Amino acid sequence: MDKFLIKGPNKIKGQVSISGSKNAALPILAATLLFDKEVTIDNLPRVKDIDTMINLLKSLGSKIQFSKNKKTVKISKSKKQNFLAPYSLVKTMRGSILSLGALIAKYKKAIISLPGGCLIGARPINYHLSALKKLGMKYEIKKGYIHASSKGKLQGKKIKFSKISVGATENLIIAACLANGKTVLKNCAIEPEIKNDLTNFLNKAGAKIKWTGKRTCQIIGVNSLKETKYSVMGDRIETGTFCVAATLAKGDLLIKNFNPKLIQTELNLLKKTGATIKTSKDEIHIKGPQKIKNISNIVTKEYPISLATDLQAQFMVLLCLASGRSSITESIFENRFMHVAELRRLGGRIIIKGNKAIIEGQTEFIGAELMSSDLRASAALVLAAMVAKGQSVINRIYHLDRGYEKIENKLRKIGVNIKRLS
Ligand code: EPU
């Protein structure tokens, strides 16, 4: 298993270019199952989760043709369609559940492994299932698999999600594109990966999706979608991770290829800690302060209300170095503090009370051997090791490879002493 060897402390200076968004590309790739015609997707990130989604599409019968650099893929339908998303793929990536809406809308049949819990929480899919049922999907759960079918076409309905869910919103938008009549989805997740990218991609292909209210989306079903080429947006969480890195490491960093408006909430928080930030259309110039200020009562919330849960761990590293006490409450997932025990090994002083972390500031991290747990926790450990005195080894970085494209190459270019040990 690969590891990172990081020697610190490091300062950051230079430029970094943001890769395509994993969490935008996954639902877009799943939605290609709706098409009879060829679809070309560009600006894919070269990360493990995308490979898993492509393998799932292949196993479902899609024909895949990558460009040389694997950033562009042409996807077309083969004559032999399958309907089974096996446990071996779903267990490595829960995003596989996004194939359910597309398969049921297009083929009226799907057998998808039920994703189990994962390290950050139980992560049920009850909202996906109950909403698809309202459109006419029938299902039963047998031996760990969802056996789903629909007698005819799905039927458009009014659905109000009882809780905001990224995945359920995506699954329903995808399914409703080919349903009969009008679907109205209320209390939707409005992350840019959904409200901008998934919507723009499907509409470019002829779908009729309109956002009629802040969290309300109306979809008029169409019979088919047309041949389309689409370029995926930049990765919001990779951008946020580099913004935190620059703030943390007294950096001077130009971040390219991301629209700053889509990460305004996090940029405002970084300004509060003392970062100087200048933005233009698709660039962020960020300079870290000499002294990091603490912030109390940050609560992770759905976009765009407050800090993204996918950036909570990275912000915690930053606040460990702040001049006073801070706190972060994790309100999205019930177990997303796996990084805390590892940060303590570097010298971090963090107390957990239920879903709230109280972070004493003024920590001087000292390098140590660390263990990655999940994707974003791993990114946080890299950031902490980067500013720690001495040498750190981060084990199990396959978690990081799921969602960050060549992070070590990008960090090395901006001055970080980091090496991958295979
Ligand atoms: N939830 C339910 N029932 C459902 C669906 C969700 O109880 O049917 C709960 C979840 O357990 C969780 C909350 O609702 O407590 C929010 O979950 P959501 O459905 O919004 O998350 P997701 O679709 O499973 C996506 C991202 C995650 C990101 C979350 C929240 C993708 C592929 N995954 O997950 O990304 O943390 O939204 O923003 O887009 C990551 O990239 O590291 C990652 C975990």
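Here Val90 clears all of (1) within 12 Å of Thr32 (Cβ to Cβ); (2) β-branched (Val, Ile, Thr); (3) within 16 Å of the ligand (Cβ to nearest atom) except the condition numbered (1).
The lone criterion from (1) part of a helix (DSSP H, G or I); (2) more than 23 Å from the chain's Cα centre (by Cα); (3) of a type outside the set (S, T, N, Q) left unmet by Leu411 is number (2).
Ser296 meets the conditions (1) at pLDDT 95 or above; (2) touching a strand residue (DSSP E or B) at 6+ places or on another chain (Cβ under 9 Å) in every case but one. The failed one is (1). Of a type in the set (Lys, Arg) and out of contact with any strand residue (DSSP E or B) (no Cβ under 8 Å at 6 or more places or on another chain), is that true of Lys291? Answer is yes for this residue. On inspection, Met371 does not qualify as within 20 Å of Asn268 (Cβ to Cβ) and not polar (S, T, N, Q). The set of residues in region 5-24 being of a type in the set (A, V, I, L, M, F, W, C) and either modelled with pLDDT under 95 or over 22 Å from the mean Cα position of the chain (by Cα) (or both) consists of Leu5, Ile6, Ile12. Scanning region 109-145 for residues that are touching a residue at least 40 places away in the same chain (Cβ under 8 Å), within 12 Å of the ligand (Cβ to nearest atom) and not aromatic (Phe, Trp, Tyr) yields Cys118, Leu119, Ile120, Gly121, Ala122, Arg123, Ile125, His128, Ala131, Leu132. Please determine whether any residue of region 25-40 is under 28 Å from Tyr107 (Cβ atoms), under 20 Å from the mean Cα position of the chain (by Cα) and away from the ligand (no atom under 15 Å from the Cβ). There is at least one residue in region 25-40 that is under 28 Å from Tyr107 (Cβ atoms), under 20 Å from the mean Cα position of the chain (by Cα) and away from the ligand (no atom under 15 Å from the Cβ). When region 57-73 is filtered for residues that are within 18 Å of Lys226 (Cα to Cα) and buried (at least 16 other Cβ atoms within 10 Å of the Cβ), the ones remaining, listed by number, are Ser62, Val73.
Filtering region 384-403 to residues that are within 12 Å of the ligand (Cβ to nearest atom) and within 19 Å of Asn10 (Cβ to Cβ) leaves only Leu400.
Each row is one residue, and each column tells you yes or no for (1) surrounded by fewer than 19 Cβ atoms within 10 Å (Cβ to Cβ); (2) not in a loop (DSSP other than H, G, I, E, B).
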{"residue": "Asn23", "(1), (2)": "no, yes"}
{"residue": "Leu44", "(1), (2)": "no, no"}
{"residue": "Asn55", "(1), (2)": "yes, yes"}
{"residue": "Asn82", "(1), (2)": "yes, no"}
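Within the set Thr183, Thr92, the sole residue that is surrounded by 22 or more Cβ atoms within 10 Å (Cβ to Cβ) and touching a residue at least 24 places away in the same chain (Cβ under 8 Å) turns out to be Thr183.
For region 173-180, check the following and say yes or no: at least one residue is closer than 17 Å to Ala308 by Cα and surrounded by fewer than 20 Cβ atoms within 10 Å (Cβ to Cβ). No, region 173-180 contains no residue that is closer than 17 Å to Ala308 by Cα and surrounded by fewer than 20 Cβ atoms within 10 Å (Cβ to Cβ).
If you filter region 163-202 down to residues that are within 22 Å of the chain's Cα centre (by Cα) and among the polar types (S, T, N, Q), you find that the one that is nearest to Gly136 (Cα to Cα) is Asn171.
Which one is nearest to the ligand (Cβ to nearest atom), of the residues in region 344-383 that are charged (D, E, K, R) and closer than 20 Å to Thr329 by Cβ? Ranking the qualifying residues of region 344-383, first place goes to Arg376.
Counting only residues that are out of contact with any Ser or Thr (no Cβ under 7 Å at 6 or more places or on another chain), in a loop (DSSP other than H, G, I, E, B) and at pLDDT 95 or above, region 61-80 holds 2 of them.
Can you name the residue in region 146-166 that is among the small types (Gly, Ala, Ser) and assigned to a strand (DSSP E or B) and is also nearest to the ligand (Cβ to nearest atom) among such residues? Only one residue fits best here, namely Ala148. One residue is enough: does region 100-108 have a residue meeting the conditions assigned to a strand (DSSP E or B), more than 24 Å from the chain's Cα centre (by Cα) and more than 10 Å from the ligand (Cβ to nearest atom)? No; the residues of region 100-108 include none that is assigned to a strand (DSSP E or B), more than 24 Å from the chain's Cα centre (by Cα) and more than 10 Å from the ligand (Cβ to nearest atom).
The values are calculated or read from the model by the stated rules, or taken from the named source; none is laboratory data. Note that the coordinates shown come from a computational prediction; the quantities given were computed from them, not determined experimentally. All Cβ positions, glycine included, derive from the backbone under ideal geometry; neighbour counts span all protein chains shown.
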